[in-house]
Every structure is written in C-alpha cells, then in structure tokens.
1. What are the residues whose amide H is under 5 Å from the amide H of Asp78, where those residues sit 5 or more places off or on another chain and H is modelled from the backbone?
2. Quick one: Kirkwood hydrodynamic radius for the range 177-286, alpha-carbon pairs, angstrom, one decimal?
3. Counting other Cβ atoms within 10 Å, keep those with at most 12, restrict to DSSP loop, and tell me which trypsin sites (Lys or Arg not before Pro) in the range 103-164 are left.
4. Compute the relative contact order of the range 1-98 as a whole-number percentage, counting only Cα pairs closer than 8 Å that sit 6 or more residues apart in sequence.
5. In degrees from 0 to 90, rounded to the nearest 10, what is the angle of the helix 12-23 Cα long axis to the longest principal axis of the chain?
6. Given R₀ = 30 Å, FRET efficiency for Phe161-Lys250 by Cβ-Cβ distance, to 0.05?
7. For Ser374 and Glu262, FRET efficiency with R0 = 51 Å and r from the beta-carbon atoms, rounded to 0.05?
8. Please work out the FRET efficiency for the pair Ser356 and Ala37, using the Cβ-Cβ distance as r and a Förster radius of 41 Å; give the result to the nearest 0.05.
Amino acid sequence: MRSQVVIIGSGPSGLLLGQLLHQAGIDALILERQSRAHVLSRIRAGVLEQGTQDLLDQAGVGARMHREGLVHDGFAIDFARSHNRIDVKGLTGGRTVRVYGQTEVTRDLMDARAAAGLRTIYEAKDVTLQGFDGAAPRVTFRQDGVTHEVACSVIAGCDGFHGASRASVPSGAITTFERVYPFGWLGVLADVPPCSHELIYANSERGFALCSMRSASRSRYYVQCSTEDTVDHWSDDRFWDELRLRLDPKVAAHVTTGASIEKSIAPLRSFVAEPLRFGRLFLVGDAAHIVPPTGAKGLNLATSDVRYLSEALIAYFNEGSLAALDTYSPRALARIWKAVRFSWWMTTLLHRFPQSTPFEQKIQDADLAYLMSSTAAMTSLAENYAGLPH
Ligand code: APR
Ligand code: PHB
C-alpha cells in the first residue's frame, strides 16, 4: 500500500487533519487501534474556541455544531460563598465560545470522512513506525492476523498520550516536561437539565466542582476526587450529594439529579514533548501534549496544531517546500506553552491541594479575590478562556 500521508489515530486531531488534507487533494490513510464505536464512546470536554469553530467550518464539518451547539457569553467562578460571573464577551470585545461535545465533533468528522469515501482502518493492531529519519518512511500494522505495510512521505502521529508515535522516537531525541496533579476528576453525564445556563467552576473547601452541559436536557458535572478513588466508590447518590455540598446553596437548589449515563475518573496532568518533528514524523494533539481539563483547552490546542501542520504539509506537497515543514514545531509549541500555562493556572486556582500549607491556601484565596477585584486580571482570564489567536 502507499499513501502520501499516514495518520495514526482517529481522534479529533487525526480526523480533522485528514479532512483538511483531502480538501487540498492530499491522500491520507488513517490507522486506528480501536473500533469506531469505542472511539465514539469517549466523553471529553466540549468548549470550542472561535478558532476551533472556524477550522471545523473550513473543513466543512461545522453545520451541526452551529445548529446544536450552545453559544456561551461567559461563565462563573464560585468561591467562599460568592458567585462571580466572568463576562467573556464584554471583556474581550465580543468573543464567545460554543459548548458542543467533543464526541459530536468526532462523529461529524467521521461522517464527513465516510461521505468522501476516505479510508480509515479501524482495529489496526501493532502499528509500527519505521524509517521516518530518512526519505521513505513506512508504517506496518496487523489486521485479522495479516501484517500490512504502507509506504508514505510523512507520518502524522495523532494517536494520543499512550500512542505508538511518540514512543517510537529515540529517547535522546525528545525532551518531555510534566506535572502530575495530586487529584483526579470524577465526571457524571446525566439526562437532566443543567442547573445553570452557563458553566460554573467552584472552589469549595471540600474541593473543586464543575457544572457543565451538553444540551438543554443533558448535563455534565465533575467533582475533584482522590487519585486513589474508583468509580465503584461513587454511587449516583453519593455523587449528587457531594456535588451539591460543593456548590453555592442557591445553585445546589437548582441541581436536578438523575441516573448517570456515564461515570468516569480522569487523572490530571500537564505534559509537553519537544520538538514535534522527527524527520518525517510529526506529533499532533494529545500525542504531543496534555493539559488538565480545567478551562477545556485540550481539543482547542489539538486544533491549532492541526491548522499549522496542515498548512505546512500543503506547502510541502504542492510546492515541494521542505522549509515549510520546519515551521510546524516552533509555531505549534509557542501556542502550546501558553495554553499549558493557562490550564495549569486555572487548575492551581480552583482546586484544593491535599498537601497545601496554610500559606499556600492564603495565596490561593488572595489570587481569587484579586481576580474578581481587577478588570485587568479578569480580562486576561477571559482572553485565554475565549482562546488565544492561532
Ligand atoms: N495505533 C493506532 N491508533 C492509536 C494507537 C496506536 N498505537 N494508540 C492510540 N491510538 C488512537 C486512540 O485509540 C485514539 O482514537 O489514537 C486516537 C487518539 O485520539 P485522542 O486521544 O482523542 O487524541 P487527539 O485526537 O489528539 O485529541 C485531542 O482529545 O483527549 C482529548 O483533551 C484531548 O481534547 C483533546 C483531544
Ligand atoms: C465539559 O463539559 O466536559 C467540560 C467543560 C469545561 C471544562 C472541562 C470539561 O473546563
């Protein structure tokens, strides 16, 4: 087999890259370890910056997002019994975000790919990357017990944090930066109306909580939990009780409880690998970086990577410009580190750290009080939340 590009992973990064390359007449084969149904069962944050919406529109997959996604002009930060609205639209000169589940983004991209008759090989096992330090890379994989080989010009590693792409880079060629946070997020999805029409991030003495949504009738809630916790410790009743205890009583009174349709625990981590290019292999999205979910930057950051890499690959395939490929890593990393900083800052501001000293707690209290008293500080938060330019 031969394809100009082999994309490893059919999450949002791989699918969006495939779509943009297809529009430019570049052939890309996607290899995915899991089944389509498994990929669509993952529930992840769904707050889309304008730049993300624009790229989805450019890729021709924005129609349902515009119909069903909810435009949000702001959100709230609750702490010490106070409710504080961050007027993102007012503070940023009219910018908003759109709440639309990442699962739906993935579904729209998969549908567009299928409609265009493009190839995705699901349940591709033992994906192995070879020869990307030279001019003729190859990717091998196993399907139904048979080993296949694909020759290509470029490999795009869009296979997430645990994928094969980053793992195939020689350890001396890559530098990684990491912070693991001493807590996780327990998330519940339920078919109940949201307690508020905007998101609420709450810092309570019992720990962080987040009220989010997927639609007017589907809610997504989270509570900070211990890294040792498992979902079997959390009955639905225990979850709803704990959530309400962490919210302002007036907000808690509006929480409609119901049976969970998904419940999972995610660890929180910040991670960046540098560089993002190794010869003819390029790392994209979660394969290259992870942010904690506070602020919902993961998908938005993957999207700016995809924009930069698609532009570089189009220049390379259309004009033969090898120099264009050199721009990807520095361009993407400049934006990545700003989003890593913002996600770290929001996480640090809003969670209770088990080992924090009384001094550190006072600093967090002061950070929150300062934020709410300063238009300059709130504008910085709003600007980052709405999304830094691509
Ligand atoms: N071979 C083939 N596919 C693989 C392999 C492998 N060895 N390892 C992982 N994959 C697949 C996974 O099954 C998954 O479908 O790669 C895909 C990676 O998708 P994501 O983890 O969703 O990563 P990405 O597309 O970069 O999306 C970034 O998703 O995780 C969120 O917060 C993150 O919002 C961000 C967005
Ligand atoms: C979500 O809706 O899942 C969500 C929203 C905002 C976040 C994180 C997750 O910051």
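Every read-out reported here was derived from the displayed coordinates using simple, explicitly stated rules and does not represent laboratory data. Everything numeric here is computed off the predicted structure, so don't read it as measured data. We place every Cβ from the backbone using ideal geometry, glycine too, and count neighbours over all the protein chains shown.
1. Under 5 Å from the amide H of Asp78: Asn84, Tyr201, Ala202, Asn203.
2. Values: mean 1/r = 0.0648 Å⁻¹.
By the Kirkwood definition, the hydrodynamic radius is 15.4 Å.
3. Numbers: sites: Arg107, Arg113, Arg119, Lys125, Arg138, Arg142; in loops: Arg119.
Passing sites in the range 103-164 do not exist.
4. Numbers: 98 pairs, mean separation 21.6, N = 98.
So the answer I get is 22 percent.
5. 50 degrees
6. Working: r = 39 Å, r/R0 = 1.28.
Result of the calculation: an efficiency of 0.20.
7. Numbers: r = 38 Å, r/R0 = 0.75.
It comes out at approximately 0.85.
8. On the way: r = 42 Å, r/R0 = 1.02.
Efficiency, rounded to the nearest 0.05: 0.45.
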